Amino acid sequence: QVQLVESGGGLVQPGGSLRLSCAASKSIRIYTLAWHRQAPGKQRDLVASITSNRSTTYSDSVKGRFTISRDNAKNTVYLQMNSVKPEDTAVYYCYAKHLWTRLESWGQGTQVTVSS
């Protein structure tokens with residue numbers, strides 16, 4: 001099972017940008033990868049996903065502002081966050097699902113706080 005480690009979270013002002021990274025412990029070529037987030041008192045929701053053939057999906061709340069990408073050579077998935085809003089404040093979790101076995105893995109999460 002792949003191990004995932006997120007980085008890049010922190011405090012950012014409204015309208016600013018942040019890039020999250022998620023490093024995997026082994027090859028991610030045959031994984032669907034995704035970012036989820038969970039705000040205090042709320043359920044964990046899907047933010048964006050990218051398949052092994054690089055097809056992407058986004059939640060309506062981040063469409064046009066966030067971009068998910070993957071670098072298979074570096075075993076890393078990214079989330080570029082632009083024009084952030086206070087409502088983007090949450091713990092962001094990296095997620096991976098194996099294409100064949102359907103086994104799922106989660107990272108430990110990284111806090112993103114959008115505030116002036």
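The values are calculated or read from the model by the stated rules, or taken from the named source; none is laboratory data. The structure displayed is predicted, hence computed values, not measured ones. Positions of Cβ are generated from backbone atoms using ideal geometry, with glycine treated the same way; all protein chains shown enter the neighbour counts. Surface areas here come from the heavy atoms of the whole protein model, side chains and all, with no ligands, DNA or RNA. Shrake-Rupley method; radii C 1.70, N 1.55, O 1.52, S 1.80 Å.
Quick one: residue 42 ticks every box in (1) part of a loop (DSSP other than H, G, I, E, B); (2) within 11 Å of the chain's Cα centre (by Cα) except a single one, so which number is it?
(2)
If you go through region 1-22, how many residues are under 18 Å from residue 70 (Cβ atoms) and either in contact with a helix residue (DSSP H, G or I) (Cβ under 8 Å, 6 or more places away or on another chain) or outside any strand (DSSP E or B) (or both)?
The total comes to 3.
Taking residue 39 and the conditions (1) surrounded by 15 or more Cβ atoms within 10 Å (Cβ to Cβ); (2) farther than 24 Å from residue 3 by Cβ; (3) hydrophobic (A, V, I, L, M, F, W, C); (4) touching a residue at least 40 places away in the same chain (Cβ under 8 Å), which numbered condition does it fall short on, given that it satisfies the others?
(1)
Which residue is farthest from residue 50 (Cα to Cα), if the candidates are limited to region 62-91 and must be touching a Cys at 6+ places or on another chain (Cβ under 9 Å) and open to solvent by less than 10 Å² (accessible area, probe 1.4 Å)?
Going through the qualifying residues, I end up with 79.
Checking the conditions here, which among 29, 44, 70 is at negative phi, touching a helix residue (DSSP H, G or I) at 6+ places or on another chain (Cβ under 6 Å) and at pLDDT 95 or above?
After ruling out the rest, the residue left standing is 29.
For residues in region 12-36 being over 24 Å from residue 98 (Cβ atoms) and hydrophobic (A, V, I, L, M, F, W, C), which is most open to solvent (accessible area, probe 1.4 Å)? Full working, then the answer.
So the first thing to find is which residues in region 12-36 are over 24 Å from residue 98 (Cβ atoms), and the list is 12-19.
With the extra rule that they be hydrophobic (A, V, I, L, M, F, W, C), the set shrinks to 12, 18.
Working: 12: 15, 18: 31 Å².
Per the criteria, the residue is 18.
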